[in-house]
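The values are calculated or read from the model by the stated rules, or taken from the named source; none is laboratory data. This one's a predicted model, so the numbers in the text were calculated from it and none came from an experiment. Using ideal geometry, Cβ is built from the backbone for each residue, glycine included, and neighbour counts are taken over all protein chains shown. Just so you know, the surface numbers come from the protein's heavy atoms only, side chains and all, with ligands and any DNA or RNA stripped out. Shrake-Rupley method; radii C 1.70, N 1.55, O 1.52, S 1.80 Å.
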Amino acid sequence: MKTENNSYKILVIDDDESIRKTLTNYLKKLNFNVYSASNGSEGIEIAQKEIPDLVITDIKMPKADGFEVLKKVKEIDSHIHVIMINAFDDMSSTVKAMQQGAYDYIEKPLEID
């Protein structure tokens, strides 16, 4: 069992640079190992290489959307937690994310606190 933050790997995937950088910087300040990607396919590649403990991914992104990321990450390791984020209040996306194995679903704008 991991006992220190710095042993956890978190992957942040979002095509919005300001959100991606804000989340990445905040998590690094908490001493997590943080990786980031600007699109879904890049995120999937990082997930395959690094095997993160947690993936935080936007839903609407170029090259691979959040649902494809969720599917591929769960294929890599079913124990990886995936939190989906979305700028739209869309109940069908929320339900779909949870049915496909997302750990949680959060609407933008994110409040870091």
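Candidates L11, L54: the one that is in contact with a Pro (Cβ under 7 Å, 6 or more places away or on another chain) and either open to solvent by less than 70 Å² (accessible area, probe 1.4 Å) or more than 17 Å from L110 (Cα to Cα) (or both) is L11.
Residue-level check: of (1) open to solvent by 80 Å² or more (accessible area, probe 1.4 Å); (2) in contact with a helix residue (DSSP H, G or I) (Cβ under 6 Å, 6 or more places away or on another chain), M98 misses just (2). Only residues that are over 23 Å from E111 (Cα atoms) and either of a type outside the set (D, E) or crowded, with 18+ Cβ neighbours inside 10 Å (or both) were counted in the stretch 57-68, giving 3. Inspect all residues belonging to the stretch 25-35 and state whether any of them is open to solvent by less than 70 Å² (accessible area, probe 1.4 Å), of a type outside the set (F, W, Y) and under 21 Å from G101 (Cα atoms). No, the conditions are met nowhere in the stretch 25-35. Within the stretch 71-113, the residues that satisfy the criterion of being modelled with pLDDT of 80 or more and of a type in the set (A, V, I, L, M, F, W, C) are V73, I76, I80, V82, I83, M84, I85, A102, I106. For the stretch 69-95, a residue qualifies if it is open to solvent by less than 70 Å² (accessible area, probe 1.4 Å) and over 19 Å from I46 (Cα atoms), and the qualifying residues are N86, A87, D90, S93, T94, V95.
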